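In what follows, a single structure is set out as structure tokens and then discussed.
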Amino acid sequence: MIDHPMPTARPARLALCALRPRLLRASSCSAILALLGACYSGVSAFDPEAEGGGPGGDDPSGADDGPSDPDGIDVSESYVPEAGQIRLLSADEYKNTIRDLLGVEVSSELQYGEVGSGYDNSGEGQLGESLFSILYTEAQRVAEQYVATELAGAFDCFEPGSATGAACVETIVDGLGRRAFRRPVDPQTRQQLLDFVADATPKTDEPDQVMELLVTRLLMSPRFLYRTEVGQNLADDPSLALLDPYERASLVSYTLVGSMPDEPLLADAEADRLDLPRIREHVRRLMDTDAGRAQLVKFFEQWLRVSELEAMARAPEDYAKFVSAEQAQTLRDEFNAFIDHVVLDDAGTLDDLLTRNVTWVNQHTAPLYGGSSQSDALEPLTLDAQQRGGVLTLASVMAVHSSSAEIHRDKPIRRGLLIQSQLLCGEIGLPSGIDVQSAAAEVLDEVPNFDELTTREQLELIMNQDQLCVDCHQQFMPYGYLWGNFDALGQYQIQFGDRPIDAAVEGLLLDGTARSYGGIMELVPDLAGSDQVARCVTTNVAQYASGQAGGELVDFMAEQITPVFVGNDRDLLQLFEDILTAPELYIREGR
């Protein structure tokens, strides 16, 4: 058995009688608690002893000789591995996995996540009492739907409304359990599940309820809710632990498609064929699937901090700047189309991402670019290269990083932070003890025409009253000023009312050199060719793949893979491939 650290939080006993009265017609609440087992009776749901050992069904005796050959994974001698981790499935990963496992949809209202790494698949996710209760209720609902609509199609031996024979139960436990746990069910856990069904059968008054309870238990198992990245000690070097084939398969799959490994990937894990060349084949294959493309778009949404586009499309009434709901929805679709075509279809480079002067519009968004359209379908539009180019000047991106209500106001703070934190990986040291509201009120008293000033003029008056403010805003605000010619909907403007807009900035540091720019379009080519930006992009992909905000693994990848990324003409898809085939990604500290 692998003796690895697991969360020790012990969720309180759930009020199952209140959650699901239908199950209790033939038994008491305490009887159902006994049926559901340790996961629901107040015993820790995350105790590795609770369900037959560690996350692979290892020998319960604790014997673990470890792999003697790390499957062709040659780790740099300079790399110091970190301890293993387990990752709670994010809300999207949970939804995707349920869909792929059971063929049913999770409630669209289910939302949770931890973004400590900058991405929602962070290794810092925790399963507290409230979330445990929510997931348990959801597991019951989807289990009932699955048994009623999908189970018979997946397993021919199951007949709805009839008692399920022992052989059929074994088939379901082995088949569904293998996919739910992303690995074969180990003998001890298998027997526990079979005993669970045997105990439940005489205590329920409808045969299908037994299968519902079984599916619920599978979905509430830590083997389903968590994915491990712990590994097994190498026999010839116990200081290193290699992720086992199933852990490798899950790492690749959840990174690239946000869901459980598909059958080809799981089969290769079972056959112990997941060496680095084979992983590379799967990476290329998965990136070219619909799910892979959608997951890559999601990465770019999170990296460029435009996930709010979905909220804008869902509730445009909360954003007074939109002239219609269709406009908000099309802006979301614009960003997706840009990534789809420029990065995915054209195997785009960082230069393509940041400078390509094209977008996709319809009749609701073409006017934002000074054009017109009669179509509801997205159509390509070539942009004025003097004014726009690349993802940073898309109306969709600027609509997120701007005011939610005042159309003609830009947002230098948000736009500057986007460049400094997401493209340059600068650490923003925000000072404390500054009363911005008082500073703004003082300016309002002293400047009678304050509302007529450009956004930059207003902010400079407010921010420059205190040296702390000056030092703070110099870290990122000048990058935001470069966007001054674009309003809250990304429309090009050269003046605010009667006042000309100044988008020029001097002394911006890039690659250690101070430079001056007249606007954002002068900056983006330098960003595209910057080694600092290349390293930051590499860092972000490493954070996304590893679920870590920083540390030895992320730093090592940034150091080692950035030159490869630059040498590959900053090919973005190749970067994902290189990160996911870096041997260090699959090595942890020995236990």
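The values are calculated or read from the model by the stated rules, or taken from the named source; none is laboratory data. This one's a predicted model, so the numbers in the text were calculated from it and none came from an experiment. Note that each Cβ is placed from the backbone with ideal geometry, even for glycine, and that neighbours are counted across all protein chains shown. Note: areas computed on protein heavy atoms with side chains; ligands, DNA, RNA excluded. Shrake-Rupley method; radii C 1.70, N 1.55, O 1.52, S 1.80 Å.
Apolar share of the accessible surface for the stretch 213-320: 50 percent from carbon plus sulfur atoms, 1.4 Å probe.
Taking label points 7 Å from Cα along the Cα-to-Cβ direction, Ser516 and Ser76 give a separation of 4.0 nm. Only Cα sites of the stretch 83-166 enter the Debye sum here, all with the same form factor; the resulting log10 I(q)/I(0) across q = 0.12, 0.13, 0.16, 0.23 1/Å is -0.47, -0.53, -0.72, -1.10, listed in q order. Per the Kirkwood formula applied to alpha carbons, the stretch 109-224 shows a radius of gyration over Rh ratio, Rg over Rh, of 1.02.
Counting only protein heavy atoms and a probe of 1.4 Å, the accessible surface of the stretch 445-591 is 46% carbon and sulfur. Peptides 581-587, 234-240, 345-351, 529-535 ranked from most to least packed, by the mean per-residue count of other Cβ atoms within 10 Å: 581-587, 529-535, 345-351, 234-240.
Counted over all Cα-Cα pairs of the stretch 471-591, pairs farther apart than 22 Å make up 51 percent.
The distance separating the Cα centre of the stretch 128-169 from that of the stretch 306-350 comes to 37 Å. Surface analysis of the stretch 108-252 yields an accessible area of 37 Å² per residue, using protein heavy atoms and a 1.4 Å probe. Net charge in the neighbourhood of Ala405 (other residues with Cβ under 15 Å of its Cβ; Lys, Arg +1, Asp, Glu -1) is -3. The distance separating the Cα centre of the stretch 561-582 from that of the stretch 241-271 comes to 21 Å.
Ranked from highest to lowest mean number of other Cβ atoms within 10 Å per residue, what is the order of the peptides 167-180, 104-117?
167-180, 104-117
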